[in-house]
Structure formats: C-alpha cells, structure tokens
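Remarks on the structure that follows.
The values are calculated or read from the model by the stated rules, or taken from the named source; none is laboratory data. The structure displayed is predicted, hence computed values, not measured ones. Cβ coordinates were reconstructed from backbone atoms using ideal geometry, including for glycine residues, and neighbour counts include every protein chain displayed.
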Amino acid sequence: MRADLHIHTTASDGTWTPAELIREAQRVGLGALAVTDHDSVANVAEAYRLAKEAGLKFIPASEVCSTKNGISFHVLGFGIDITNKNLLELLHHNEALLEQKDVDSIVMLERDGWDVSVQEFASYTYDRRRGGWRSLAYLQDKGLCADVNDFFKRIFTAEHDLAFPEFPSIGEVIAAIHEAGGVALCAHAASGFHGPGLEKVLTMLKEEPFDGFECYHSGHSEEAAQALVRYCKEHGLLISGGSDCHGTFVPGRNLGEPEVHVEELYLSGLL
C-alpha cells in the first residue's frame, strides 16, 4: 500500500480542498495519507470523512512550527486529538505569529521603498486556493513577486530584515503533541530547509524528545533517506514519509512522490 503522510491543503498554504485532495489521492493510487497543514487542523475532520468514504487509511495530523538556536524546525504530529485545547492554543499562537509576519513583511518593504502600502494590505484578501499566504499573494498581485521561490530568494531575506518568527521551542511543541495523544516526528531533516545539513541537524536535535523522523521526503536524496532510516532503527525511533505536496503551489512536490509503501514506515500502530 502506497502512503503519503505529508500533505498541505487550503487550511495552510496548499491549493487543494479536502475533496480535491482525496480525488487526487485516488487518482495516483494512494492507500494511506495524512493532512499536515502548517499550524492548523481546520481541514482534518473533512479530509478524514472523505478518506473514510473512499476506503483510504487516514491519520489526523498537523505540521507545527518550532524554533531552536534561531532555526525553524517543523514537527509533524501524527495521531493527534484535533480537539485538544492546549494543542489548539499552540496552533492558534503560531498562526497569529505568521499572520503578524505577513504584516511585518509589508511594513519592511514599504520602508525600503517598494510599491506597497500597509494601509492597502490591511484590507487585502485573496483566494486560499491559490496556495501560499497573504503577503505573497499581495506581492504577486502587485507584480512585485513571481512565485514562492522568488519570494524566499529575493524578498524574505536578511537584507530586508525579514526572517521567520520565534516560534515555541521544540520541547513545547512535542509536549503539546504528546498531550493530544500523538507522536512527534521531525520533518524533512535532510532537506535544504534547515541549512546546516543532516549530520549537524541530527547533532542539534540529539537531546530533543522526538519520537522519530520523516525519513522519506521530496527534498531528501536517496542517500539521506537511507541514512535517516538507519538512524531511526538504531535508536528505536518512528519512521514516516511524504511528498510535502502543496497541491499545485510548490513546483516539484507531487502527491505520492517519493513513492513510499506502508511496509517501509514505522508509526507504532497508526497505519
């Protein structure tokens, strides 16, 4: 059975609704999936209902932002109770930080002489099915940004005093996931997202109470994936895998790629 346990929908920065996601999952031949929106569980219940109707295995989940030593780490919470009060408060806190960062981005760019307006941005809305986030859509509509890659390469940079917010610590995030009955795995540890490289990332995270790692990911080389699998097996840790697909928003991240089978994963009875 093929599985994809890292997927984003319109509840965060993806382009697909739950119904569209389930149709795509069936089209590409998935048998198991998880919706892992950034700091949100808004689409989990609907996706679960539709997945069940389609005969697909489904894990309730979220991808939660955390910060360690100035670096943003994403924590995948699988098997969570999406009604847990403390977890929801943490997700809402992170969402508020991201929304404020949208405003801060426009403030900084207006200060630097860009053709943007904080006043105009205050009333700006966009169709969530475009994917991405509010400030990106605004800059695209102003003709100032081409896409997500352009945003992070040329706009969301130290030159403009822009960086990710200071999210809660990894320990706080993992504790909230555990309280909600879930398990916490580090997302895409070997991808370019973290910068230092897999060996340094594993050293940084050695003392953090992760339950496992996302070994298979669209941003991992085969060598890195196998290195993570070995690491997890040596330390008795859980193993997950997924595409990190955002619908059509992020080029190169396609649903069901890399191809991962349930037999290659270890999620302590969740699948």
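In segment 218-243, of all residues being touching an Asp or Glu at 6+ places or on another chain (Cβ under 9 Å) and of a type outside the set (Gly, Ala, Ser), the one that is nearest to Leu202 (Cα to Cα) corresponds to Leu228.
Scanning segment 1-29 for residues that are of a type in the set (Gly, Ala, Ser) and touching a strand residue (DSSP E or B) at 6+ places or on another chain (Cβ under 8 Å), we see that the one that is surrounded by the fewest Cβ atoms within 10 Å (Cβ to Cβ) is Gly29. Scanning segment 5-27 for residues being part of a loop (DSSP other than H, G, I, E, B), over 15 Å from Pro60 (Cα atoms) and either outside the structural domain of Phe78 (by TED's automatic domain parsing) or not hydroxyl-bearing (Ser, Thr, Tyr) (or both) gives a total of 3. I'm checking my understanding of the structure. Among residues of segment 59-87 that are farther than 18 Å from Asp4 by Cβ and of a type in the set (D, E, K, R), which one is modelled with the lowest pLDDT? My answer is Lys68.
Could you list, in sequence order, the residues of segment 30-55 that are within 16 Å of Met1 (Cβ to Cβ), touching a strand residue (DSSP E or B) at 6+ places or on another chain (Cβ under 6 Å) and small (Gly, Ala, Ser)? Those that are within 16 Å of Met1 (Cβ to Cβ), touching a strand residue (DSSP E or B) at 6+ places or on another chain (Cβ under 6 Å) and small (Gly, Ala, Ser): Gly31, Ala32, Ala34, Ala51. Annotation note: Cβ proximity below 8 Å between a residue of segment 110-128 that is touching a residue at least 24 places away in the same chain (Cβ under 8 Å) and not assigned by TED's automatic domain parsing to the domain that holds Ser40 and a residue that is assigned to a loop (DSSP other than H, G, I, E, B) and surrounded by 13 or more Cβ atoms within 10 Å (Cβ to Cβ) (sequence gap 6+ or interchain) occurs for Trp114/Leu144; Asp115/Lys142; Asp115/Leu144; Val116/Lys142; Val116/Leu144; Arg128/Thr10.
In segment 113-135, what residues are assigned to a helix (DSSP H, G or I) and under 15 Å from Cys145 (Cβ atoms)? Of everything in segment 113-135, those that are assigned to a helix (DSSP H, G or I) and under 15 Å from Cys145 (Cβ atoms) turn out to be Phe121, Arg130, Arg134, Ser135.
Looking at Ala190 and the list (1) farther than 18 Å from Thr36 by Cα; (2) not in a loop (DSSP other than H, G, I, E, B), which single condition is not satisfied? Checking Ala190 against (1) farther than 18 Å from Thr36 by Cα; (2) not in a loop (DSSP other than H, G, I, E, B), the one that fails is (2). Residues that are at negative phi, assigned to a loop (DSSP other than H, G, I, E, B) and not polar (S, T, N, Q) within segment 28-64 comprise Leu30, Gly31, Asp37, Val41, Ala42, Ala54, Leu56, listed in sequence order. A residue that is more than 30 Å from Leu238 (Cα to Cα), crowded, with 17+ Cβ neighbours inside 10 Å and basic (Lys, Arg) occurs somewhere in segment 129-140. Among the conditions (1) in contact (Cβ under 8 Å) with a residue 40 or more places away in the chain; (2) over 16 Å from His246 (Cα atoms); (3) of a type outside the set (A, V, I, L, M), His38 misses just one, which is (2).
You will find that of His188, His194, His160, the residue that is at pLDDT below 95, surrounded by 15 or more Cβ atoms within 10 Å (Cβ to Cβ) and under 24 Å from Ser40 (Cα atoms) is His194 and no other. The number of residues in segment 168-224 that are touching a Cys at 6+ places or on another chain (Cβ under 7 Å) and either over 25 Å from Leu270 (Cα atoms) or of a type in the set (Asp, Glu) (or both) comes to 1.
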